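The values are calculated or read from the model by the stated rules, or taken from the named source; none is laboratory data. Everything numeric here is computed off the predicted structure, so don't read it as measured data. Here Cβ is always computed from backbone atoms with ideal geometry, including for glycine, and neighbour counts include all displayed protein chains.
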Amino acid sequence: MWNSLKQLAWLRLGTSIGLALGLAFLVTFALHLVSGKPRTLTSIEARSEFVSFTVFNPDLAILYAQGFRIFSWPDGELDNECVNGAFLPGVGARVTYQRSAKGPLLATIEGEGKLRRLSGDILPFDGELMLVADADKCKSPLLANRLPVWGPGRIGSAFSMRSDGPSPALLSGTLDVFGRTVAFPFWGKGGAIYAAIEDMAIPAGSLIQTDGMPAGNGGSSLPNSEAAMFGFVELSEEPGLSVSVSTESPQLSITPPGARADSSRIDLSLFVQVINDPIFLKIQLFFALAFLLWPALMDAINLVHSRSDDVNVEDGSAKPSAGDPPLPANKAVTP
């Protein structure tokens, strides 16, 4: 008999654990279905010696020529000249900003583009165009110390030692990740921004890429509109370039020196969403209040029933319960 009781106890324990695991699995599966693919907005503040991006909107990647000296024109025709106007990189051209320590700013355009002079003349180019900020020779400073960044690209570079010294690197940086609320019937439309990761330090010498992770296993990259960085770099008296950009890329990756290429992908896990998303917090609060109020409500119901039974007993109108034995029938009493 004792063995039977022990088996029954273990059976109840195993059944309860199995039911709890099954319920947890169903809840987690439901949360995954509701949350879907995380939508993020990442803000990056960094100081880097190297920034590059691929142009997909030429109107937002214009470089004004004032203060720049043409270090290398594709066919050599305008080498070492200072020109007035604007450089317009074409779609698919790659723009690079580089400044080692406190040296001169070097801007490179690789691909098709055109130079639009103030006189109205347009000079197309195709190849590698290199510009150097040279206020002394060009007799004027840069029109603006802020230069556009508008497209998928990278901040920093893989650390290496070259014949001319160390490669340009990311000097410092932090990022903030904002999530977007999920759409859930009766709880919210979704799309609102909430803070998920704040002031995350980026190791010096890292490589930040907005399109560094191939989508799926096919090796295809994200559309430019999804992988793009939006913002600018700024030239100042401090070393390198000040970088202020944001991106909605779901494939944002940070590769510290010596790490694997896919070791630090920036993403929002289900846990982060559940504890930060206001929609999830509303649902959690609803169930928490339900479980907290349920025992008090049951006590109140039991108290009302007990008082009702007491009143019936005092009035003599208490009814026997189903488990009570039947009352004996009344018999006539003879004197």
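Every residue, every condition in (1) modelled with pLDDT of 90 or more; (2) in contact with a Pro (Cβ under 9 Å, 6 or more places away or on another chain), yes or no:
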position	(1), (2)
ILE122	yes, no
PHE125	yes, yes
ALA133	yes, yes
LEU143	no, no
LEU170	yes, yes
GLY191	no, no
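Looking at GLY240 and the list (1) modelled with pLDDT of 80 or more; (2) closer than 25 Å to ALA195 by Cβ; (3) more than 19 Å from the chain's Cα centre (by Cα), which single condition is not satisfied?
Here GLY240 meets the rest and fails (2).
Does SER249 satisfy being modelled with pLDDT of 80 or more, within 25 Å of ARG146 (Cβ to Cβ) and in a loop (DSSP other than H, G, I, E, B)?
Judged against the criteria, SER249 is a match.
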